[in-house]
Structures are given as structure tokens and as C-alpha cells.
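A.B. asks: Structure incoming, see below.
The values are calculated or read from the model by the stated rules, or taken from the named source; none is laboratory data. No experiment lies behind these values; they were computed from the predicted model shown. Cβ coordinates were reconstructed from backbone atoms using ideal geometry, including for glycine residues, and neighbour counts include every protein chain displayed. What goes into the accessible areas is simple: the full protein's heavy atoms, side chains included, and nothing from ligands, DNA or RNA. Shrake-Rupley method; radii C 1.70, N 1.55, O 1.52, S 1.80 Å.
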Amino acid sequence: MSSPRSSRTGASRARRIVAASVAALVLACLSGAVSGSASADDQLKESKQELHATKDKVRAQLRKIRKLQRRMNGLATRISKSQSDIVAAEERIDKLEREMTILRVRASLLQAKLDERNREAYMFGGAPVLYLLTATSAAEAASRMSFLTEMNRRDAVLATKVHEASDRLARSEGEVVRARQVIELTKRRLELDQKELRKNMAQSKRLVAGLRDRVEQIQYEISKIRPFSVCPLAGPHAIADDFGIMVHHPPKEGGDHIHQGNDIYAAMGVPIVAPFDGTAVTATNPIGGLAVKVFGDFGYVYNAHLSRFGQLGTVQAGDVIGYVGATGNAGGPHDHFEWHPGNGAAVDPHGFLLMVCASGSLPF
């Protein structure tokens, strides 16, 4: 038989072993909790880093697009001016050609008249001298001399006009040739500018498409960190951290199942709002009662147990889509709220709800 002292020593050792085991278990649980929290913090930090990196890439893309846009604006201005210059040159050519037609007719008439005078002078040969010599008086001779001088002057004027008409015609023809050359050069430059503009616009289209992808990536990163713009309840409420618990209901009320959302308790009739822009549709069912889904760019939310519907169809963040109720298998008024990122399985929305519902969503 053991002595009383030996018994007390054994009991004390047993208590120490139990205490150590409990302490180890508590430390293990704490370690797991800290590890889980650290893992979540690491994921959040990584998402934020990805978001900042994506924003930097977007800014770089925007700088390229702005630079390219300035170049395209310059090309567009030059193309417009070239087209205007071509039209002006063609109008100038048309005008010159009309003037040249008139000049050709005038020059032809003047030349014909001058040729006629030359033929007359050739045919009469020394007739002018005889014309002077046959004068019967000095006065008549002077008169005849004046007449011959005037005729010679008129012939000279006619010859000058013929020469001037020919010169003007030659200048107009030269100007038309130069204008056609300018048009040809302008058209070549226009063709090159248009080709470069098409190339730059194609590049801009690729950059804009890339920017759109970057923006969507940013929005996706934001949706992972903060998927909701506003609290889904526009009034006093209390959010239960009950995602993933086992709930028990009779078979006719859905039976036992794992809770896929958070219950947000509020008074009957408190407005339920869209947490982001999207499309609100009815999702009524026997378990959830009156229910609404809001589909956004990065997933959808499911609100159940409504007392009545609000706005459906296209909605913006903050639009009332329904009101708190107790339809379906609800035991009292609340909003059963689920978040399905990527339209997939439900994930715990509790942390995201706390981000936007910290103020209680009071309307003032």
C-alpha cells in the first residue's frame, strides 16, 4: 500500500501533466489562430501590392496613350490641312484653266489681226512711200505722214498685246504645272500621314484594350479587398459572424445544413440596398422566402427573408432592393446575406461587411 505522501506526490504530478497538456493545447490553438490571421494579413498585403503595381502599369499605359494621342492629333491636323490645300490647288487650277482658255482665244485673235497687218504690209511693199510722194501739198504730206505713223503705232501696240497675251498664257501654263506638282506632293504626304495615322490608331487601340484589362484587373483586386461599396442595410443592424456553422431546421424548412452567409439582424422593414452597381433579380425560394440577388462585375450577393421587394433591374450602389422581413424559414426579422465572388461558391462576407458597416449605415 502506498503512503499518503506518495499518493499526494502522484496526484500533484498528474495535475502538472494535465495543466501542461491544457497549456500546450491552448498554445496550439493560439498558434493556429495567429497563423491563420497572419495568413489572411499576408494575402491582404499581397493583394494591396498587386493593386499598387497594377496602378503603376495603368499610369504608364496612360502616359503612352496621351503621347500617342498628341501625335495622332497632329497628324489629323496635318491631314486636314493637306486635304484643304489639295482642294484649294484644284480650284486654282480650274480657275487658271478657264483664264487660259480666254487667253488662248484672245491671243489667237490678236495674232490673226497682226498676221493680217503683216500680210497687208508685205503686199503693199513700198506703197507707203508712194502714198507720201503723191501728196499734192506739204500739208497733205504731213497729214499722210501722221496717218502712217499712227498705223505703225497701232501695229506696234497690237504686237505688244500679242506678246503680253502669249506671256500671260505661258505664265498660267507654268503655274498650272507647278500646282499639279504641289498637288501630287501633297497627296503623297497625305497618303503617308494617313498610313501613319492608321498605324498609330491601331497601336492606340491595343494600348486602350490593355488599359481596359489593367483597369479590370484593378477592379478585381479591389473586389478581393473591398467588394462592397456600401453596407447592405440602410439602418441600425447587428451582423452575426455565423458563416459555416451548422444550422438545424426541420426537413420541410430545408433540414440541417451549413450556413452559407451572415445573418444581419434588423427591425422589420429596414431597407436592404445594393452593395455595388449591378442587376437585381428575384431569387425567391421556399427556404429563403422572398429573396433578391444582385449581380455585379465580380460576383453576386444573395439577400433572403425579405418582407417585400424594392427596385429590381439595373441598380447602383445604395439603391433599395428590398426590406428586412422574416419570410421562408426565418425565425425572426433579418437579412440572410451571402457573397459569391466570381458567381461561384459562397465565401465568408463578415470581414467585408465590417469594412462598410462600421458606422451602422445610419442615414445621417
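A.B. asks: Rounded to the nearest 0.05, what FRET efficiency do R106 and Q194 give with R0 = 41 Å and r taken as the Cβ-Cβ distance? Could you check?
C.D. replies: Efficiency, rounded to the nearest 0.05: 0.45.
A.B. asks: Another question, if that's okay. For D85, D193, write out the residues from largest to smallest accessible area, computed with a 1.4 angstrom probe and no ligands counted.
C.D. replies: D85, D193
A.B. asks: Another question, if that's okay. Any number yet on Rg/Rh for region 218-290, C-alpha, Kirkwood?
C.D. replies: With Rg and the Kirkwood Rh in hand, the quotient comes to 1.01.
A.B. asks: Structure shown: which of K67/K205; K55/K199; K57/K81; K95/K195; K224/K293; K64/K199 lie over 25 Å apart, alpha-carbon to alpha-carbon?
C.D. replies: Over 25 Å Cα-Cα: K55/K199; K57/K81; K95/K195.
A.B. asks: Something else about it: Measuring from the lowest to the highest alpha carbon on each principal axis, how far does region 178-223 reach, largest first, in angstroms?
C.D. replies: Principal extents (largest minus smallest coordinate, Cα): 65, 10, 5 Å.
A.B. asks: Still on this structure, I have one more. If you average 1/r over all unlike Cα pairs in region 291-333 and invert the result, what Kirkwood radius do you get in angstrom?
C.D. replies: For region 291-333, inverting the mean 1/r across all distinct Cα pairs yields 11.0 Å.
A.B. asks: As I understand it, the dipole of region 50-92 uses +1 on the Cβ of Lys and Arg and -1 on the Cβ of Asp and Glu, about the Cα centre. Which of H52, Q69, S82 lies farthest toward its positive end?
C.D. replies: Projecting each Cα onto the dipole axis, the largest value belongs to H52.
A.B. asks: To continue, here is another question. Fully extended, how many nm does the chain gain between H248 and S166 (0.36 nm per residue separation, minus their Cα-Cα distance)?
C.D. replies: Using 0.36 nm per residue and subtracting the Cα-Cα distance, I get 18.3 nm.
A.B. asks: With all protein chains present, calculate the accessible area of D297 using a 1.4 Å probe and round the result to the nearest 10 Å².
C.D. replies: 130
A.B. asks: Now, a different point. Leaving ligands, DNA and RNA out of it, work out the accessible area of Y323 with a 1.4 Å probe and give it in Å² to the nearest 10.
C.D. replies: 50
A.B. asks: Okay, moving on. Mind ordering 100-113, 258-271 by average Cβ neighbours within 10 Å, highest first?
C.D. replies: Descending packing order for the listed peptides: 258-271, 100-113.
A.B. asks: Could I get the Rg over Rh figure for region 259-312? Both from C-alpha atoms, Rh via Kirkwood, rounded to two places.
C.D. replies: Across region 259-312, the Cα-based Rg/Rh ratio is 0.93.
A.B. asks: I've got another one for you. Choose one of P271, A238, L190: the residue whose Cα lies farthest towards the positive end of the charge dipole of region 172-271 (beta-carbon charges +1 Lys, Arg; -1 Asp, Glu; about the Cα centre).
C.D. replies: It is L190.
A.B. asks: Given the Cα-Cα distance of V157 and L114 and 0.36 nm per residue of separation, how much length would full extension add, in nm?
C.D. replies: Length gained between V157 and L114: 14.5 nm.
A.B. asks: Provide, for q = 0.08, 0.18, 0.19 Å⁻¹, the log10 of I(q)/I(0) from a solvent-free Debye sum over equal Cα point scatterers in region 170-326.
C.D. replies: With one equal scatterer per Cα and no solvent, log10 I(q)/I(0) is -0.44, -1.11, -1.18.
A.B. asks: Can I ask one more? Which of the trypsin sites (Lys or Arg not before Pro) found in region 150-222 are in a DSSP loop and have at most 16 neighbouring Cβ atoms, other than their own, within 10 Å?
C.D. replies: Within region 150-222, no trypsin sites (Lys or Arg not before Pro) qualify (loop, at most 16 other Cβ atoms within 10 Å).
A.B. asks: Now a separate question. Under 14 Å from the Cβ of L312, count the other residues' Cβ atoms, weight Lys and Arg +1, Asp and Glu -1, and hand me the total.
C.D. replies: My count for the surroundings of L312 gives +1.
A.B. asks: Based on C-alpha coordinates, I'd like the Rg and Dmax of region 276-359, in Å.
C.D. replies: Cα radius of gyration and Dmax of region 276-359 are 12.3, 33 Å respectively.
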